[in-house]
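Report on the following structure.
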Amino acid sequence: MFSKPFRKPLYLQKLERLEGRILTHPALREELIRHNAGFRGEKSLFYFLRELPPHHSIILHDLRLPSSSTQYFQMDFLLLTEHFLLIFEVKDYAGSIQLNETKRVLERDGKSLPNPVHQVARQRHHLTQFLIKNGIPPVPIESTIVFSNDTVHTDLPIQFIYPYELHTFLAQLENTYSEPILSKQILHQLSKILISSHVDPFDNPVKKFHIDKNDIQDGVHCPICRHSPMVRLKRKWSCSKCGRQSSTDYIETLRDYFWLIDSTISATECAQFLQVNSVHTAYRLLKKMDLLSIGGDRNRRYDLSSYNWPHFFK
């Protein structure tokens, strides 16, 4: 059972939205390719995790927990059972991977790669401390590296599996930890604590890549064919390329503004970003979203973080 559903990571969504609104940016493109590869790897494991019996375990995807007041640790997947906890660190590596003994890093074709052995050791340490802090009884914490691409070759002395080996690997752990340690009640309590403690990353690719906000293109993007801009005719947004018409497609464009530019927006800024001719029209569109507002009539700004944004996943 997925207690924290499988969704595309927020930062990856931001990268995709930004790339669709700026001219060619090689560094941004490289970052997007890298994060897409990571998500593709997680998706390959997800297909096997969802085959587990619904009452067998609780699964949480892309969990980011505090390790201190200012630091966080992230886990691709965390599986909770009454017998043990299991951390999955997924890597979409391909080709031959070696260990550079001098630098103590992994390398492929002379390029350094994050060492998953160090990552899972750090995750286990911080998760142990998190459980102690929240009063969860001691429970075995296992971890494994998952190479999602079975073309990877390595002779490293590390434990890893391919996604299709998941069920065999779990059966081995269940034989090792045959006695239940956590009750079902504590297991569900732990799941709730983990979900409530999760914090989405605040990373903004606009700041990371030093992109001028004026270089971010305005206009409503068609959610079907990504053509831009859609034109507002008779209270509906119309795509000249695929023919889609909708009265609400502007909302996803305001999500772009929220993610990439600012968490608040004025009616004038909204009119410019949506490319509508009337500030009054922009005002009415913002009012429809039932946003919290700040300031008086002339200086009023609308808080985009107060909107109940639907999750975006494709």
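The values are calculated or read from the model by the stated rules, or taken from the named source; none is laboratory data. The structure displayed is predicted, hence computed values, not measured ones. Heads up, the Cβs are rebuilt from the backbone with ideal geometry, glycines too, and the neighbour counts pull from every protein chain shown. What goes into the accessible areas is simple: the full protein's heavy atoms, side chains included, and nothing from ligands, DNA or RNA. Shrake-Rupley method; radii C 1.70, N 1.55, O 1.52, S 1.80 Å.
Key figures for this structure:
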{"read-out": "Condition met for Glu42 (exposed (fewer than 15 other Cβ atoms within 10 Å of the Cβ) and either of a type in the set (Asp, Glu) or part of a strand (DSSP E or B) (or both))", "value": "no"}
{"read-out": "Filter result for Ala121 (small (Gly, Ala, Ser), part of a helix (DSSP H, G or I) and surrounded by fewer than 17 Cβ atoms within 10 Å (Cβ to Cβ))", "value": "yes"}
{"read-out": "Exclusive hit being surrounded by 19 or more Cβ atoms within 10 Å (Cβ to Cβ) and among the aromatic types (Phe, Trp, Tyr), set Trp259, Trp309", "value": "Trp259"}
{"read-out": "Selection within region 128-160 - open to solvent by less than 50 Å² (accessible area, probe 1.4 Å) and hydroxyl-bearing (Ser, Thr, Tyr)", "value": "Ser143, Thr144, Ser148, Thr154"}
{"read-out": "Any hit, region 125-132, residues being out of contact with any Leu (no Cβ under 9 Å at 6 or more places or on another chain) and either of a type in the set (Gly, Ala, Ser) or modelled with pLDDT under 95 (or both)", "value": "no"}
{"read-out": "Of the criteria (1) within 22 Å of the chain's Cα centre (by Cα); (2) assigned to a helix (DSSP H, G or I), which one Tyr93 fails", "value": "(2)"}
{"read-out": "Residue under evaluation Leu52, criteria (1) within 19 Å of the chain's Cα centre (by Cα); (2) aliphatic (A, V, I, L, M); (3) farther than 20 Å from Asp256 by Cα, criterion not met", "value": "(1)"}
{"read-out": "Which listed residue is in contact with a Ser or Thr (Cβ under 7 Å, 6 or more places away or on another chain), in a helix (DSSP H, G or I) and under 30 Å from Leu65 (Cβ atoms), from Ile186, Ile195", "value": "Ile195"}
{"read-out": "Close pairs (6 angstrom Cβ cut-off, 6 or more residues apart or separate chains): more than 28 Å from Pro180 (Cβ to Cβ) in region 138-164, assigned to a helix (DSSP H, G or I) and among the β-branched types (Val, Ile, Thr) anywhere", "value": "Ile158/Val117"}
